[in-house]
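A short worksheet on the structure shown next.
No lab work stands behind these numbers, since they all come straight from the coordinates. This structure is a prediction, so every number in the text was calculated from the model and none was measured. Neighbour counts run over all protein chains shown; Cβ positions are idealised from the backbone, glycine included.
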Amino acid sequence: MAKSLITSVVFLLVIALHPQLLLLTPFAAAEIVPLPPNTASFASDPQEPMVMVGTSFATSHVPKPSEYPTRLMIPSINLNAPVQLVGINALGEMDVPDGRTSNVGWYQYGNLPGDIGNAVVDAHVFAAFKNLRYAKVGDEIRVVNAGGATQRFIITDTRVYPISEVPMEGIFHDESHRGLVLITCAKKFLPSLNTYSHRLIVSATLVE
């Protein structure tokens with residue numbers, strides 16, 4: 001009886017923290033939970049939630065630790081930031097580095113920088129990406145990995161979208177090139193929603 005009660009309490013706690021598991025069959029849960037999540041969204045700490053729901057990533061391969069990005073640089077805006085690996089929070093949303101740091105976050109369950117598809121990086125507009133709006137088409141982005149290799153990307157597009165119009169399919173499913181997408185908030189802060197009204201999306205392509 002006591003064992004059954006403990007099992008029930010543990011189950012309820014898991015569901016409370018991960019309600020998306022209710023959508024999985026027992027077989028699917030056993031297969032999917034230990035693996036990289038199939039969905040992602042953009043959120044942040046209570047200072048600036050992004051609440052952008054994403055779709056599935058298609059990874060080219062499972063990266064080795066030496067391939068993980070460790071630093072992101074955009075010389076034109078004097079950005080030289082450590083890269084923090086981020087996953088998903090209890091709500092199933094992609095985490096963002098703490099706004100009190102200078103870190104940018106790479107979604108470690110998505111595409112690796114340099115792989116086919118887009119690697120996605122985010123940070124707060126009041127922190128690491130405070131000057132991202134000044135980056136221009138043609139500017140260079142450098143990504144250094146843990147093995148010491150440097151990849152060069154060239155910005156091909158930079159634009160601001162209302163939250164409801166962010167091109168999620170293009171961000172997550174464009175496999176036409178080896179890309180990098182940087183995301184942060186933009187425009188007007190909405191106190192009632194505790195977030196900004198727009199998103200700045202900066203897209204870049206690998207220089208091979």
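The table below gives the values:
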{"quantity": "Positive-end residue, the stretch 94-208 charge dipole about Cα centroid, Cβ charges, pick of GLY99, THR205, GLY114", "calculated": "GLY99"}
{"quantity": "Net charge of Cβ neighbours under 9 Å - reference ALA186; Lys, Arg +1; Asp, Glu -1", "calculated": "+4"}
{"quantity": "Point-to-point label distance, GLU67-GLU165, nm (Cα→Cβ direction, 7 Å offset)", "calculated": "3.7 nm"}
{"quantity": "Pairwise FRET efficiency - LYS187 versus GLU208, Cβ, R0 = 41 Å, nearest 0.05", "calculated": "0.75"}
{"quantity": "Sites SER176 and ILE77, calculated FRET efficiency, Cβ-Cβ separation with R0 30 Å, nearest 0.05", "calculated": "0.70"}
